[in-house]
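Below is one structure; the comments refer to it alone.
The values are calculated or read from the model by the stated rules, or taken from the named source; none is laboratory data. On a predicted model such as this, the values are computed, not experimentally measured, just so you know. Neighbour counts are summed over all protein chains in view; Cβ atoms, including those assigned to glycine, are modelled from backbone coordinates with ideal geometry.
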Amino acid sequence: MKYALIGCGRISTNHVKAVLNNKLEFVAVCDVIPGHMEEVLKKNGIQDDPSIKRYTDYKKMLEENEVDLVGIATESGIHAEIALYCIMHNVNVIIEKPMAMSIEDADKIIRLSEENGVKVSACHQNRFNIAVQEMRKALESGRFGRLSHGSIHVRWNRNEGYYTQAPWRGTWAQDGGALMNQCIHGIDLLRWMMGNEIDEVYGVTRRQFHDYLEAEDLGMAVVKFKNGAVATIEGTTNVYPQNLEETLYLFGENGTVKIGGKSTNNIDVWDFADETEADEANKGLEEQTSNVYGNGHTNLYADMIDAIENDRTPYVDAHAGRNALELVLAVYKSQKEGKPVKLPLAEFASTDMTGEF
C-alpha cells in the first residue's frame, strides 16, 4: 500500500514510525519547509532512501504519484482543506486531531468521503492504549452497570517556547487553545466511553497566563449525556512546572476505573463487583511510552490498512473525529454565549471565538 505524509511538525515522527512498523510503501513526503522533511526522515533513519520523494506542494505530490493512503499532520487549520482535496482525488486519509476547525468542514469530510467511497480515520490514537482498551471491554460487557458520572483531567504544561516554535499555535484560525489542541484526545475518550449522545454542555474557558495567545489555556465544562450520566472536563496548559497527568475516571453502579499516567496509559484503580482472577492483571497496569503521544499510532495505522483492504469502517472513523470536535466547540460556544449549549451543533467554528479574550 502506497503512503505519503503531508506535514512534518512535532507529531510527524509518530506517523513515520507507524508507517515503518506497518511496512507501508513510503512514496512521498510533503512540507512547505524542506528542512522539516529532512529532520523527520533523519530521526527515523530513512533520509537516504531514494524512493521517498520530497514535495513542498501536496497537490503536485498527489498529481505525480499513485497514493493509497495519506497521513495529514500539518497545522490544524488546514487539516480539512487537505483532507477534502485528498477525498476528491479518491485517496484514503488519516487526519491528525482535530479533524477540522468547524462543524461545517467536519460534516463535509463525512459526506464527501461517503459519497466517494474513501476511508477516513481521525487520529485519536489513545483509543488503542492498553488501559483504554481494557476499560472499553469492561464497559461493552456491561461490568460497570448503569453509569453515574465520569471525568477527564488533562493537566499539562506548555511554555512560551512551545508557542514561539510554531506561530500558528494558540491562534483561533489555525489551532484553538488547550481544549482543542492538548485536551481533545481525552475529550474524545470521555465522550466515547459515556455513550456519545450528549444533551447539553456548559463550559467556561480562560486565558490565565499565556497573554500572547488568542485562545484559552484553561477550559472546564459540565456535560449532560442523554443516558442520564454526567461528566466534567478540565483541560489546561498552566500546570507548573511540567506535564502532570491525563486522567480518565468512569464511575458505574458496579465498577470504578481510573486511568492515569501522562497520557491515559496506566490503570490506577480497577474495582468491579464481579471481580475475577483476570482483573488482577489490570490492577496497577502501566504501558511504557516515550512521550505524551503514546504508542497508539502504529495500531491506528494497522487498523486503517485493514479497513481499506477489507472495505470496512475504521475503528476511529470520521464520525469519531466530528464528535470530539463538536464537544470542544460546544464548550467554546457556551463560553461565548455565557449559557449552556444544546447538542447537536449545526454550525460553529473556532474562528467564531475571535476576540474572546
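Below are the figures for this structure:
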| item | result |
| --- | --- |
| Any hit, segment 267-287, residues being polar (S, T, N, Q) and within 16 Å of residue 133 (Cβ to Cβ) | yes |
| Residue in segment 245-259 that is modelled with pLDDT under 95 and not in a strand (DSSP E or B) present | no |
| Test: residue in segment 186-209 that is in contact with a Phe, Trp or Tyr (Cβ under 6 Å, 6 or more places away or on another chain), buried (at least 24 other Cβ atoms within 10 Å of the Cβ) and on the phi > 0 side of the Ramachandran plot | no |
| Only one of 113, 51 that is part of a loop (DSSP other than H, G, I, E, B), of a type outside the set (A, V, I, L, M) and either out of contact with any helix residue (DSSP H, G or I) (no Cβ under 7 Å at 6 or more places or on another chain) or touching a residue at least 60 places away in the same chain (Cβ under 8 Å) (or both) | 51 |
| Tally of residues being without any contact (Cβ under 8 Å) to a residue 24 or more places away in the chain and touching a helix residue (DSSP H, G or I) at 6+ places or on another chain (Cβ under 8 Å) across segment 216-233 | 0 |
| Evaluation of residue 106 against (1) surrounded by 22 or more Cβ atoms within 10 Å (Cβ to Cβ); (2) assigned to a loop (DSSP other than H, G, I, E, B); (3) not assigned by TED's automatic domain parsing to the domain that holds residue 254 (one fails), failing number | (2) |
| Of residues in segment 267-279 being surrounded by 11 or more Cβ atoms within 10 Å (Cβ to Cβ) and among the acidic types (Asp, Glu), the one farthest from residue 139 (Cα to Cα) | 268 |
| Tabulated pairs, segment 234-259, first assigned by TED's automatic domain parsing to the domain that holds residue 184 and of a type in the set (Phe, Trp, Tyr), second crowded, with 21+ Cβ neighbours inside 10 Å and in a strand (DSSP E or B), C-beta under 7 angstrom, 6+ apart or interchain | 249/150; 251/150 |
| Residue under evaluation residue 134, criteria (1) crowded, with 24+ Cβ neighbours inside 10 Å; (2) closer than 21 Å to residue 195 by Cβ; (3) not aliphatic (A, V, I, L, M), criterion not met | (1) |
| Qualifying helices (runs of 4 or more DSSP H) (wholly inside segment 159-221; at least 1 residues being farther than 30 Å from residue 144 by Cα) | 160-165, 178-181 |
| Residue check for residue 93: at pLDDT 95 or above and in a strand (DSSP E or B) | yes |
| Segment 75-90 - residue that is assigned to a helix (DSSP H, G or I) and in contact with a Phe, Trp or Tyr (Cβ under 7 Å, 6 or more places away or on another chain) and, of those, nearest to residue 108 (Cα to Cα) | 82 |
